[in-house]
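The structure appears right after this line, and notes come after that.
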Amino acid sequence: MSLTELPELSTLTSLKRLDLSRNESLFLYQQSIHQLYGLRCLEHIDLSWTGLSSVPDWLFRLPSLEVLYLNNNRLKQLWTTKPECFNLKILDVSNNNLASIPSDIRHLTNLELLNISSARLPRLPDEIGELLNLKILLVSNNFLTSAPSIRSLMSLRWLDFSNNRLNGVPTMIGNFPQLRWLNLFDNRLTHLTHDFRFLTQLETLLLKQNEFDFASPNPEHVDSFCITQRLLDSDTPQEIVATANEWSTGQARLNRFKLALVGDGAAGKTTLRARLVNNELEARSASDEQPRTTWIQQDEWHPVGVEDWSFDIWDFPGQPEH
Ligand SMILES: Nc1nc2c(ncn2[C@@H]2O[C@H](COP(=O)(O)OP(=O)(O)OP(=O)(O)O)[C@@H](O)[C@H]2O)c(=O)[nH]1
Ligand SMILES: [Mg+2]
């Protein structure tokens with residue numbers, strides 16, 4: 001069936017469930033859905049795929065409304081005054097042209113599922129973090145460079161940040177011990193955080209298409225670590241959680257070290273570096289003109305016979321004037 005105009009519904013004042021989805025031309029020309037105004041008992045409304053480009057505010061004040069699907073339309077904004085559908089549990093506004101998500105979304109405190117995927121949004125309001133009953137938060141396919149502050153959402157079970165531009169994992173990710181499904185696919189992550197160790201219930205963890213630096217798996221950030229290519233390919237969240245645990249307790253097997261050569265001038269630091277890196281063993285007499293080190297010289301040393309190990313050598317100047 002493909003409706004092009006609304007049937008007469010205004011007499012159905014006790015109607016609880018209304019599904020007008022997939023009538024793609026329904027609101028293309030006639031945007032007004034004012035006829036539905038009298039249906040005060042609606043609990044479940046599906047207006048997805050109907051060509052809708054605006055929603056009247058009264059819809060967000062229906063006292064019994066629990067489920068509202070507005071996805072795959074042409075909406076540019078949601079409500080203009082404070083939403084008061086306090087019983088709303090499911091809100092899907094994905095695949096629209098929304099300019100932003102209003103911060104007063106925080107009033108919808110009973111929301112359990114919020115889908116804001118594919119909205120081309122560069123940021124989300126931190127007030128999403130006040131929706132303490134959220135179990136499912138889907139914000140994939142946006143332009144997010146950072147996650148909103150969601151650290152208080154202890155009930156989260158599904159979290160989808162895939163296809164965004166996140167530079168770091170959401171802060172305090174370890175606060176979601178119930179999390180079963182975490183999708184961070186296709187972002188700009190360079191490392192993970194130790195608090196992954198608390199995600200013991202994870203069944204699915206998607207991390208591919210990020211910017212992990214496997215060549216130098218020891219990020220500068222405290223409480224961070226890089227997973228290996230093998231772990232990434234394994235798609236086993238338990239292993240990654242276990243690795244996070246090893247890192248946090250200092251049990252992770254390190255294979256990259258920093259070696260700082262410090263001491264008095266002419267003590268032999270640069271000579272030692274040359275010996276290690278280039279295997280130079282030439283004896284020099286004290287009268288040889290050996291250039292003094294005037295600024296930190298860095299080198300990499302890969303000891304023979306110890307596979308995978310490498311040392312970053314920092315050769316410091318020892319002369320007092322430097
Ligand atoms: N006899 C002897 N001479 C050494 C030894 N190690 C280094 N030297 C000599 O000591 C001089 C200074 O050595 P460097 O390695 O340049 O000293 P450095 O600690 O790097 O000095 P700065 O760069 O000025 O801080 C050079 O002429 C070396 O050849 C050693 O084990 N025995
Ligand atoms: Mg030197």
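Would you mind stating whether residue 191 is more than 16 Å from ligand 1 (Cβ to nearest atom) and loosely packed, with under 14 Cβ neighbours inside 10 Å? So residue 191 does not fit the description; no. Within segment 294-322, the set of residues being hydroxyl-bearing (Ser, Thr, Tyr) and either touching a strand residue (DSSP E or B) at 6+ places or on another chain (Cβ under 6 Å) or at pLDDT below 90 (or both) comprises 310 only. Looking only at residues of segment 240-269 that are within 16 Å of ligand 1 (Cβ to nearest atom) and under 23 Å from residue 305 (Cα atoms), we find that the one that is modelled with the lowest pLDDT is 259. Applying the set (1) closer than 23 Å to residue 100 by Cα; (2) among the small types (Gly, Ala, Ser); (3) surrounded by fewer than 16 Cβ atoms within 10 Å (Cβ to Cβ) to residue 14 leaves exactly one unmet item: (1). Against the conditions (1) modelled with pLDDT under 90; (2) within 13 Å of ligand 2 (Cβ to nearest atom), residue 272 satisfies every one except (1). In segment 37-107, counting only strands (runs of 3 or more DSSP E) that sit wholly within it, the ones holding 1 or more residues that are hydroxyl-bearing (Ser, Thr, Tyr) span 67-69.
Of all residue pairs spaced 6 or more apart or on separate chains, those with beta-carbon atoms under 6 Å, a first member in segment 22-35 that is more than 22 Å from residue 60 (Cβ to Cβ) and a second member that is aromatic (Phe, Trp, Tyr) and at pLDDT 85 or above are 22/49; 24/49.
Condition check: more than 23 Å from residue 137 (Cβ to Cβ), touching a residue at least 12 places away in the same chain (Cβ under 8 Å) and of a type outside the set (A, V, I, L, M, F, W, C). Does residue 228 satisfy that? So residue 228 fits the description; yes.
Inclusion of residue 115 among residues that are crowded, with 18+ Cβ neighbours inside 10 Å and closer than 24 Å to residue 199 by Cα is warranted. Cβ-Cβ distances below 8 Å connect the following pairs, each with a first residue in segment 291-307 that is of a type in the set (D, E, K, R), a second residue that is assigned to a strand (DSSP E or B) and within 15 Å of ligand 1 (Cβ to nearest atom), and a separation of six or more residues or different chains: 299/313; 299/315; 300/313.
When 42, 88, 65, 6 are checked against the criterion of being out of contact with any Gly (no Cβ under 9 Å at 6 or more places or on another chain), surrounded by 19 or more Cβ atoms within 10 Å (Cβ to Cβ) and more than 26 Å from residue 139 (Cα to Cα), 42 stands alone in meeting it. Looking for something under 21 Å from residue 311 (Cα atoms) and touching a Phe, Trp or Tyr at 6+ places or on another chain (Cβ under 9 Å) - is there at least one such residue anywhere in segment 196-210? Checking segment 196-210: not a single residue is under 21 Å from residue 311 (Cα atoms) and touching a Phe, Trp or Tyr at 6+ places or on another chain (Cβ under 9 Å). Among the conditions (1) surrounded by fewer than 19 Cβ atoms within 10 Å (Cβ to Cβ); (2) under 22 Å from residue 130 (Cβ atoms), residue 228 misses just one, which is (2).
If the condition is being at pLDDT below 90 and within 22 Å of residue 65 (Cβ to Cβ), then segment 14-37 contributes 26, 27, 31, 32, 33, 34, 35, 36, 37.
The values are calculated or read from the model by the stated rules, or taken from the named source; none is laboratory data. No experiment lies behind these values; they were computed from the predicted model shown. For neighbour counting, all protein chains shown are included, and Cβ atoms are generated from backbone atoms with ideal geometry for every residue, glycine included.
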